[in-house]
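The values are calculated or read from the model by the stated rules, or taken from the named source; none is laboratory data. None of the values given here were measured: they were computed from a predicted structure. Cβ atoms come from the backbone with ideal geometry, glycine included; neighbour counts cover every protein chain shown. Each accessible area value is taken on the protein alone, full model and side chains, heavy atoms only, with ligands, DNA and RNA left out. Shrake-Rupley method; radii C 1.70, N 1.55, O 1.52, S 1.80 Å.
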Amino acid sequence: MKEIKVTPEVVKKLGILPEEFEKIKGILGREPNFTELSIYSVMWSEHCSYKNSIYWLKTLPREGKHLLVGAGEENAGLVDIGDGIACCFKIESHNHPCALEPYQGAATGVGGINRDIFTMGARPIAQLNSLRFGDINLDKTKWLLKGVVKGIGDYGNAFGVPVVGGEVFFDDCYNTNPLVNAMSVGIVKKGNTCSATSEGVGNPVFIVGSSTGKDGIHGATFASEDITEKSSEKIPAVQVGDPFQEKLLLEASLEVIKTGALVGMQDMGAAGITCSTSEMSAKGKHGMKIYLDRVPLRQQDMEPFEILLSESQERMLVVVHKGREKEVIDVFEKWDLNCVEIGEVTADGMLEYYMNGELVAHVPAETLVLGGGAPVYQRETKEPAYIKEISKYNIDNIPEPQNYIDIAKYLITNLNISSKRWVIEQYDTMVGTKNMSTNIPSDAGVVNVKGTNKALVLSTDCNSRYVYADPQKGTEIAVAEAARNIVCSGGEPSAITNCLNFGNPYNPEVFWQFTGAIKGMGNACRKFDTPVTGGNVSFYNQSSNNNVVEPVYPTPVIGMLGILEDKNLQMSLDFKNEGDIIYLIGKSENDISMSEYLYNYLKVKYSPAPHFDLEFEYAVQDIIKKIIRKKLIKSAHDVSEGGLFITLFESAICRGFGFKITTDKSIRKDAFLFGESQSRVVVSVSPDNKKEFEEILNKSKIPFGQIGEITKGNMFIDDIDFGTSSYQNIFYQNALAEIMN
Amino acid sequence: MKFGVVIFPGSNCDHDMIYVLKNIMGQEVVKLWHKDRDLQNCDFIVLPGGFSFGDYLRSGAIARFSPIMEEVIAFANKGGYLMGICNGFQILCEAGLVEGALLHNNNQKFICKNIYMKAQTNNTLVTSLIDKSKALKIPIAHGEGRFYASEDVIKKLNDEDRVLFRYCNKEGDVIDIANPNGSIENIAGICNKRRNVFGMMPHPERASDEVLSNTDGKIIFESILNLVNA
């Protein structure tokens, strides 16, 4: 075994800054060898250490009386939902692997996020996927979309967790670098959870699950670099997934936790054995001796650093109470999985890795991890040049259109608005028989918690164009929209997880976007009392168009958990009966900023974020909750991409209704119909409830107006006939399929 | 009745089936682990949906060799009631307990959605109570669900009244456009000659709980229970 010599070139290649190399030497009191340097390289990578973001993440609200673990303390957030049940949830990105190998990249993303949930003892019961791609007319985009969707489907379908929601969004800024964010949600009986910790000198350490191969080595480091033309040379850094192994690991893990024989357990994701041994040791303030030659290998001749860094999937590190090894081994044997003792817990906080009797690396665990010795940086910020372009925008320079029917047709088939059926039908959305949204469409996914009167209400949201235009306000909107979707489905917002997809943090303009987004998220989460339970930061997302490098639009995806306390109060978005009155709650603004209409139809790329006021938004949501509890409305659907027209259209098509609407003459008609100003909800009310409904609204002082009624005929706005909803629905349903097939 | 639900390591609709049989239909249900050989005196055995052994090779191709399957096959050959849903149907085909095969969907994609299907006969236990004129809304979720068999076999299935269900539209018309996966003659489920082994791709257990707002599948379980009620 001949080890690679540590030279300045090697240090650079491993992504370690010169000052970081000095710091490592200071910690060890000597030069690190190559294996040790590799360990620091992955553990201090952006992906594992959050070194450029943690300072700002700590400013987010992370406290709440219903939180059972704090943000970043465990693999995922844990929220008390009552009835002795806790909900465990988290969102994570797998952008870089998907850019190179969409199928495996997406598949292992799904695998990784689900492991984060069941390593804590929770059974995953729902998934959401937040996906962003470039121009669909590019062959490459089609290839990426096909691969990502198939990867998510093949992995999740076999693993057996339904997809209950998510987003698919297209913009040229994602041409090279798609965003693939996967969220998993699990439930667990309170008290049956497992912690990612290690303690008790002499307790044995086991590796369980799949064998270790050369896949994914330096994956975490790779995820912390810009995507370039040369990135495809790094394909070995992408892991390969096996959902069948994951299913076995799930069942075995939940079973083994019940034995009570475990001290702790952590899944192996980024940086494999290195990350799990160091994080568990640091958390439990102990050390470990690990014998790498005992690790079951998938291929021969693996170097120590390869075994340490391998990101082979479907593996866990398990620390067992000494004397109870057999109980653990029996469970894994039942599920035909490896379960091999590879080391033991030690007292001194040092990680000692041995290979064939030789000590190959010797480092203090604490110095590797976030919150311990990992570096923390504050990066420079600078207002981007494009903000000046945005400030020049004035709606009065945009002529009012005449062709409303053409615009409506355009929006119905616009891929950011049209049905995502082509994607969704490739996912198993019903396994588990808990998805209450299959037959009852609503703004958020509603998931039955069997044995209780409760349901989980879940949404992922982010309009990155709004964030681009105004990071702070745009991110406030992302949180608000997630909350609004939950409220319109009958739920109460509870907590969030976030996936922060940004460009290169060393670019001050990118970091300006990042800090603005964090400020906005903090404001909104404090207002909605939805603490941040954790999540993931993905920097270095950028596209290279005609040799110009552009970061993707800042995309802080919000994954929100809500609780529906009474299943009888589930709210849906579809119009139910002819003659019901249609109301718009909220205020229409003379605003078309950053709307699909302005951005994609009129091709005006620079405009501010749409009108939004956080206090007003909260008040609107409050009144929606009230009228749902009083059973005064038959449908609720928020106004989002595409504006009021699309909201009405989506409510009408479910059962083939039409509507007659009168526009508000005090503002431009295009703003009324296609503008995306926030804090608006369309509800339908039976004439019998009109009086009580209006009384409550009047009392609330929230602006609202009767804008029309549900009909069995065509869609009429003022006197313009937009055709039947069922005919237009054909185009809405098939827009994406037609491009993809 | 006592039901046994076989659990292969990659089964993922086993819990759903047990939930419906136990919590909704109020029956006794036992889990039958694939490595065991004891059928525990069950009256009715179910092979649930999922990906039995990962199904990387061909769905159900490995599951049929499980220790429990030897006993299940013997049970069926003696006339015991056996039903396979989705992956369970694929396993029945691989084990030769029903004719035909389930090929990749004709669009080469996994498909999960509500479809409509119509019972074709009342002359089997599982369809005994179903109104043959009614289109039932039932979910499908499979990548390999395209029923295929030789012309001779199809003729025999028709002649012997062994087609349980065909895909149809909402109005109940059995037409091409209502066929989600390219199955021959829109066939969604069949039984064996002895009429004690039933296979179907759609998932009735996903359409039996009121909280999901669709209980069209419940009639299949009610039909089965009619055996003891009758």
(request) Counting only DSSP beta bridges with both residues in the protein assembly as shown, tell me the antiparallel percent, nearest 5. (result) 75 percent
(request) Return one whole number: the accessible area per residue of the protein assembly as shown in Å², for a 1.4 Å probe. (result) 35 Å²
(request) Treating cross-link reach as a plain straight distance, find the aspartates and glutamates whose alpha-carbon is under 18 Å from the alpha-carbon of residue A:283, omitting any fewer than eight places away in the same chain. (result) A:73, A:74, A:116, A:199, A:267, A:344, A:348, A:352, A:366
(request) Any aspartates and glutamates with Cα under 14 Å of the residue A:12 Cα? List them, leaving off those in the same chain fewer than 8 positions away. (result) A:20, A:22, A:225
(message) Quick check: convex hull of the Cα atoms in chain A, volume per residue, rounded to a whole Å³?
(response) 142 Å³
(request) Read phi for every residue in the stretch A:19-25 and hand back ³J(HN,Hα) as whole Hz from Karplus 6.51 cos²θ - 1.76 cosθ + 1.60, θ = phi - 60°, with x for Gly and Pro. (result) 5, 5, 4, 4, 4, 4, 4
(message) Can you sort A:66, B:34 by solvent-accessible area, 1.4 Å probe, largest first?
(response) A:66, B:34
(message) From Cα pairs below 8 angstrom and at least 6 apart in sequence, can you work out the relative contact order of chain A, rounded to a whole percent?
(response) 15 percent
(message) Just want the answer: with Cβ charges of +1 for Lys and Arg and -1 for Asp and Glu, which residue in A:127, A:201, A:292 is farthest toward the dipole's positive end in the protein assembly as shown?
(response) A:127
(request) Give me the accessible area of residue B:218, 1.4 Å probe, in Å² rounded to the nearest 10. (result) 50 Å²
(request) Tally up the carbon and sulfur contribution to the accessible surface of the stretch A:573-741 as a whole percent, 1.4 Å probe, everything protein left in place. (result) 49 percent
(request) Write down the percent of antiparallel bridges among all DSSP beta bridges whose residues are both part of chain B, to the nearest 5. (result) 55 percent
(request) Tabulate in residue order the Karplus-calculated ³J(HN,Hα) for the stretch A:479-489, using 6.51 cos²θ - 1.76 cosθ + 1.60 with θ = phi - 60°, rounded to whole Hz; enter x for Gly and Pro. (result) 5, 5, 5, 4, 5, 4, 4, 5, 4, 5, 9
(request) Provide the solvent-accessible area of residue A:206, counting protein heavy atoms only and rolling a 1.4 Å probe, rounded to the nearest 10 Å². (result) 0 Å²
(message) Need the C-alpha centroid separation for the stretch A:290-368 versus the stretch B:159-178, integer Å.
(response) 56 Å
(message) For the pairs A:23/A:58; B:31/B:78; A:146/B:137; B:113/B:137; B:134/B:218; A:420/A:669, flag any whose C-alpha to C-alpha distance is greater than 19 Å.
(response) A:23/A:58; B:31/B:78; A:146/B:137; A:420/A:669
(request) State the Cα centre-to-centre distance between the stretch A:94-167 and the stretch B:197-214 in whole Å. (result) 27 Å
(request) Using a Förster distance of 22 angstrom, determine the FRET efficiency expected from the C-beta separation of residue A:189 and residue A:629, and round it to 0.05. (result) 0.15
(message) For the interface of chains A and B, what total accessible area is buried with a 1.4 Å probe, rounded to the nearest 100 Å²?
(response) 2600 Å²
(request) Mind ranking A:240, B:46 by accessible surface for me, highest first, 1.4 Å probe? (result) A:240, B:46
(message) Suppose every Lys and Arg Cβ carries +1 and every Asp and Glu Cβ carries -1, with no other charges. What dipole size does the protein assembly as shown come out with about its Cα centre, to the nearest 20 debye?
(response) 1440 debye
(request) Give the distance, in whole Å, between the Cα centre of the stretch A:2-39 and the Cα centre of the stretch A:561-605. (result) 54 Å
(message) What are the ³J(HN,Hα) couplings of the stretch A:136-141, residue after residue, when phi is run through the Karplus curve with 6.51, -1.76, 1.60 and θ = phi - 60°? Round to Hz, x for glycine and proline.
(response) 5, 6, 7, 4, 5, 5
(request) Order the following by accessible area, largest value first: A:422, A:143. Probe radius 1.4 Å; ligands, DNA and RNA are ignored. (result) A:143, A:422
